[in-house]
Amino acid sequence: MNPLRKLYCRAYQLVFRIALPFLPYREPKLLDGVQGVADLLVSKNVHQVLLVTDKGIRSHGLTRPLEDALAEAFIGVILFDGTVANPTVANVEAARKLYLDHGCQAIIAFGGGSSMDCAKACGARIARPDRQLDRMEGLLHVMRPLPLLIAVPTTAGTGSETTLAAVITDGETHHKYPINDFALIPPYALLDPEVTIGLPPRLTATTGMDAMTHAVEAYIGGSTTRGTRQAAVEAVRLILESLPVAYEHGGDRTARAKMLRAAYLAGTAFTKSYVGYVHAVAHSLGGQYGIAHGLANAVLLPEVLEAYGPAAHKKLGRLAVETGVASVRDTPAQAAAKFIAKLRKMNADMGIPRTLEGIREEDLPMLARNADHEGNPLYPVPVLMDAQELQALYRLVMPKTEETANDTAGNCTGGAKPETILLDGENAAPGVSHRSA
Ligand SMILES: NC(=O)c1ccc[n+]([C@@H]2O[C@H](COP(=O)([O-])OP(=O)(O)OC[C@H]3O[C@@H](n4cnc5c(N)ncnc54)[C@H](O)[C@@H]3O)[C@@H](O)[C@H]2O)c1
Ligand SMILES: [Fe+2]
């Protein structure tokens, strides 16, 4: 990135960092079970509610206890279960139409990030009937209160139940973009481990690594506070401890509850301290190819952290020490390397691949332009990259051909050279040693 643009990005980030304590962040009030949801709606005199979810969740019967509790409280439920992964503008508009046609008074966002984001964007459109979604992209383009919104996450990943973001895809252009506004922070949420018990291992793994990505990107960014650092550290600790258990033993309620807590904490961290290029790149891949968000993040995270190189060592090293992955005797570079190795091992142990299929070389300029547009100037990343430089991050996770195998990793700005890293006291699993897969 050219020095003038770098200066602009850092100045922009500094302004937001200085403004941070004065911005109207809040956290949702946590409700007590599905009865808590019904009681709240009764207390607010709500008679008709829009339930935004997806077909998979409904077919698993996950919404049934809530629907029963609402029926007992004589609250009508209008169902929108058409949310797709990487929810689209069309999903949001269809949900909004149902809300208006049936005179709903509140929205329940029930599902993973896709359903929650669809519900949040639907609320934004109801608040701003004059403004199309694409004109809400970026920061603070909603600026009006949404209808009453209750979020019930069924994956332990996105943290959307506590963030100011909704990420929406334009179904025609495949552009996936975040809408960020304080009005999108749900005022109420229900963290119920029971609804995550049946989340299949692969989704448990990838959505869990999405939460890990939130915590790590927030922690190593340049706009942290003591509170967001603490939340990120606690989230990483919980994920290191509980994700392997939830993956192996889906019915373990303690592990599921800890993962929900971790995703929530990571959400509180990144909503104030931002994410980084892992997310900017993952969003462009989700929009263009429909690659699942958690999978894209899980695969990208270790590669992008390594590509940041020495600029990320200090903070990543500190995170590694604080979460028990490295020891205080390690240098920052060693501690950072151990953390990256730990991520690779977790991925390998949970069957997450090293590369992402389907990325086309000819799409890279467009994908990288979208990532540049999302990430710059807002994300306070350790190493700034322009669209040209961001292309290298995609190549890091593209399956290697013989031609590209030798020269990919060195192309990044951070310029860290690959090396084989063994974790403390254990041999790295096959595939953990760098990029031989
Ligand atoms: N708003 C934010 O702050 C934020 C943060 C990160 C990601 N996101 C967005 O969230 C979306 C991804 O959300 P996600 O990773 O939670 O996945 P998702 O909502 O797309 O769900 C993935 C799949 O899991 C299924 N599923 C969900 N819960 C289940 C359960 N308990 N049991 C069985 N199946 C279940 C769904 O039916 C769906 O098929 C992306 O669009 C991403 O960009 C938003
Ligand atoms: Fe995410």
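The values are calculated or read from the model by the stated rules, or taken from the named source; none is laboratory data. Worth saying up front: this structure is predicted, and the values here are computed from it rather than measured. Note that each Cβ is placed from the backbone with ideal geometry, even for glycine, and that neighbours are counted across all protein chains shown.
Does any residue of segment 298-313 turn out to be within 16 Å of ligand 1 (Cβ to nearest atom), of a type in the set (G, A, S), modelled with pLDDT of 95 or more and touching an Asp or Glu at 6+ places or on another chain (Cβ under 6 Å)?
no
Of the residues that make up segment 275-296, is at least one without any contact (Cβ under 8 Å) to a residue 24 or more places away in the chain and under 26 Å from F22 (Cβ atoms)?
no
Assess whether E172 counts as being within 13 Å of ligand 1 (Cβ to nearest atom) and of a type in the set (D, E).
Taking the combined requirement at face value, the residue does not satisfy it.
Suppose the filter is out of contact with any helix residue (DSSP H, G or I) (no Cβ under 6 Å at 6 or more places or on another chain), part of a helix (DSSP H, G or I) and aromatic (F, W, Y); does Y308 pass it?
yes
Of the conditions (1) hydroxyl-bearing (S, T, Y); (2) under 16 Å from L79 (Cα atoms); (3) out of contact with any helix residue (DSSP H, G or I) (no Cβ under 7 Å at 6 or more places or on another chain), T173 clears all except one; give me its number.
Just one mismatch for T173, condition (2).
Please pick out the residue among R354, R369, R318 that is outside any helix (DSSP H, G or I) and basic (K, R).
Result: R354 is the single residue among R354, R369, R318 that is outside any helix (DSSP H, G or I) and basic (K, R).
Check segment 292-306 and report whether any residue there is over 17 Å from G221 (Cβ atoms), within 13 Å of ligand 2 (Cβ to nearest atom), surrounded by fewer than 24 Cβ atoms within 10 Å (Cβ to Cβ) and not hydroxyl-bearing (S, T, Y).
yes
Is it fair to say A348 is surrounded by fewer than 17 Cβ atoms within 10 Å (Cβ to Cβ) and farther than 25 Å from G138 by Cα?
So A348 fails the test.
So which of R144, R202, R131, R226 is within 10 Å of ligand 1 (Cβ to nearest atom) and charged (D, E, K, R)?
R202
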